[in-house]
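Read the structure below first, then the notes.
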Amino acid sequence: MDSSATTRRLQHLSRHFKASNIATPPVRVTVTGAAGNIGYALVHMIGQGRLLGPNQQIILTLLELPMAKDQLEGTMMELRDCAFPILKEIRGTTQYDQGFMGCDIAILVGAKPRGPGMERKDLLAANARIFKEQGEALEKYASRNVKVLVVGNPANTNALITAQFAPSIPKSNFTALTRLDQNRASSIIAQRVSANVEDVRNIVIWGQATVQQSGISYTVRGLVADDAWLQKAFVEQVAKRGGAIIEKRKASSAASAASAVCDHIHDWLIGTDNGTFVSMGVITDGKLYGIKEQVCFSFPCICKDGNIKVVEGLKWDQFQQSMIDKTLKELLEEKEMAFSVVVTK
């Protein structure tokens, strides 16, 4: 696969997306765990144009485990029955070589869920092996400029492992999904201050954001005027939202996660709006907000021409810094557990 050609194709897509009548070559997109709850919702959203717009043709590959072959075939049947115009080709496979061959975008949804009685270290170990294998497969088969989004939890650590085992692909091409938390936080804040969700901007999930009202930008902290709510109830609602959905639906959130995936990839490749940043898990380089350890951490980011840039110079109060420190500690513990299973030779 000519990586320079892939780069030009993605940059062309980014620059010219808004001129929707301009044709671009098909983009190869691979989704793992494609027949699972999130994957099932996601592949239909991709067919609707949520990922790269309504005019960008896609060659879509659905990758699943052999034990899910029937579900995979059923999902493909439904996709074809939808007759989505942008899906130039729909492929299904249970093999990594066929799944990742030449792909431009890899969305890694499939992961082992936590079962009854399973300890955290056992879950980390199981998923570390899965994402090690996927990193090796991307290294061997994917475009050198493939854009990788890890969705399967723990997404940040899984993204770090995947990147570790695909050394010829830039680490800046590996990201983890944190947009779902951003979307949840935006919705909760919009409800709290009686605003439209699209007017909640530049959110950091611990309560820093702005709200546009009558053409004026207000801080969420000023509008809410309740630090106790922002630092406790709000944070808990975001963190526990997934569990609350499971309690009500008797199934995990799927459509909201799939929608967040589309938001993430769309902003990454098409670009963020001027003056707007979004939450993305990116691999640190030792220069970001004092985080010197190499982890995949959620930062406010802006995107242009398929490149991600962390927003610099934001100030954190004592509470926000404590949350950053707590998250970093947890990620370093996860990293140590996971990498103890897949130590590089």
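Inside the range 292-312, residues that are surrounded by fewer than 19 Cβ atoms within 10 Å (Cβ to Cβ), among the β-branched types (Val, Ile, Thr) and in a strand (DSSP E or B) make up a count of 1. Per the listing 72, 51, the residue uniquely of a type in the set (A, V, I, L, M) and assigned to a loop (DSSP other than H, G, I, E, B) is 51. Looking across the range 187-229, the residues that are over 17 Å from residue 316 (Cα atoms), of a type in the set (S, T, N, Q) and surrounded by 13 or more Cβ atoms within 10 Å (Cβ to Cβ) come down to 187, 212, 213.
Residue by residue, here is whether (1) within 24 Å of residue 52 (Cβ to Cβ); (2) touching a helix residue (DSSP H, G or I) at 6+ places or on another chain (Cβ under 9 Å) holds:
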{"residue": "266", "(1), (2)": "yes, no"}
{"residue": "269", "(1), (2)": "yes, yes"}
{"residue": "274", "(1), (2)": "yes, no"}
{"residue": "283", "(1), (2)": "yes, yes"}
{"residue": "288", "(1), (2)": "no, no"}
{"residue": "292", "(1), (2)": "no, no"}
{"residue": "314", "(1), (2)": "no, no"}
{"residue": "318", "(1), (2)": "no, no"}
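The residue of the range 240-263 that is farthest from residue 193 (Cα to Cα), among those that are out of contact with any Ser or Thr (no Cβ under 8 Å at 6 or more places or on another chain) and free of Cβ contacts under 8 Å to residues at least 12 places away in the same chain, is 250. Might you check whether a residue that is open to solvent by less than 80 Å² (accessible area, probe 1.4 Å), of a type in the set (S, T, N, Q) and assigned to a helix (DSSP H, G or I) occurs anywhere in the range 124-134? Yes: one or more hits. Looking across the range 312-342, the residues that are under 17 Å from residue 123 (Cα atoms) and among the β-branched types (Val, Ile, Thr) come down to 341, 342.
It is to be established whether one or more residues within the range 101-119 are at pLDDT 95 or above, part of a helix (DSSP H, G or I) and open to solvent by less than 30 Å² (accessible area, probe 1.4 Å). Checked against the condition, which is being at pLDDT 95 or above, part of a helix (DSSP H, G or I) and open to solvent by less than 30 Å² (accessible area, probe 1.4 Å), the range 101-119 yields no hits at all.
Which of the residues belonging to the range 241-291 are touching a strand residue (DSSP E or B) at 6+ places or on another chain (Cβ under 7 Å) and polar (S, T, N, Q)? 272, 276, 279, 284, listed by residue number. Scanning the range 251-272 for residues that are under 18 Å from the mean Cα position of the chain (by Cα) and over 17 Å from residue 46 (Cα atoms), we see that the one that is most open to solvent (accessible area, probe 1.4 Å) is 252.
The values are calculated or read from the model by the stated rules, or taken from the named source; none is laboratory data. The structure displayed is predicted, hence computed values, not measured ones. In this analysis, Cβ positions are derived from the backbone assuming ideal geometry, glycine residues included, and neighbour counts consider all displayed protein chains. Heavy atoms of the whole protein, side chains included, go into the accessibility calculation; ligands, DNA and RNA do not. Shrake-Rupley method; radii C 1.70, N 1.55, O 1.52, S 1.80 Å.
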